[in-house]
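Note sheet for the following structure.
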Amino acid sequence: MSTPTYEMQLDSPDPPSLGTVRDWSRRVLEGLDPTTLSDVELVITELATNAREHATGPRSVRLAREDHTIRVEVDDATPGSVPVERALSTSAHRGRGLLLVSKLCDCWGIHRHLASKTVWARLNSAG
């Protein structure tokens, strides 16, 4: 049996705001424990923001829920530009996104394809 996967396009004539992406993730993951849901919202926001700011489209986000695992994936069409977790700097106003992802997730990584890449993160959930 395959895991249901839900996808939202980030590029369109009227692209969804990050708030809309978070609302969508709450609907897709209805019934998930509130702590994990908050973590998923932060992770999907950070990965979608990176794709919007550092990559070209087409861009999309996907969510998959299987048993006690949530998988967040963000695709973009810039395989040569990969996200890098930076060292924490108290003077920087930006650059903490992947540090958050790393702390909230069990693991995360990048799959490069010929003309695109997928940045993924996996979270465990109690519900």
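The values are calculated or read from the model by the stated rules, or taken from the named source; none is laboratory data. Just so you know, these numbers come straight off a predicted model, no measurement behind them. All Cβ positions, glycine included, derive from the backbone under ideal geometry; neighbour counts span all protein chains shown. These accessible areas exclude ligands, DNA and RNA; they are computed on the full protein's heavy atoms, side chains included. Shrake-Rupley method; radii C 1.70, N 1.55, O 1.52, S 1.80 Å.
What number, rounded to the nearest 500 deg cm²/dmol, is the helix-based mean residue ellipticity at 222 nm of the chain, given -39500 (n - 2.57) per DSSP H run of at least four residues and division by all its residues?
On the way: 3 runs with 40 residues, N = 127.
Calculated from helices alone, the mean residue ellipticity at 222 nm is -10000 deg cm²/dmol.
With +1 on each Lys and Arg Cβ and -1 on each Asp and Glu Cβ, and nothing else charged, work out how big the dipole of the chain is about its Cα centre, in Debye to the nearest 20.
340 debye
Work through the residues other than L29 whose Cβ is under 15 Å from its Cβ and net out their charges, Lys, Arg +1 and Asp, Glu -1.
On the way: positive: R22, R26, R27, R62, R65, R71, R122; negative: E7, D23, E30, D33, D39, E41, E66, D67, E73.
My count for the surroundings of L29 gives -2.
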Only Cα pairs under 8 Å and at least 6 apart count here; give the relative contact order of the chain as a rounded whole percent. 27 percent
For R62, R122, what's the largest-to-smallest order of accessible area, 1.4 Å probe? R122, R62
Among (i) 91; (ii) 101; (iii) 119, which one is volume of the Cα convex hull per residue in Å³ computed from these coordinates? (iii)
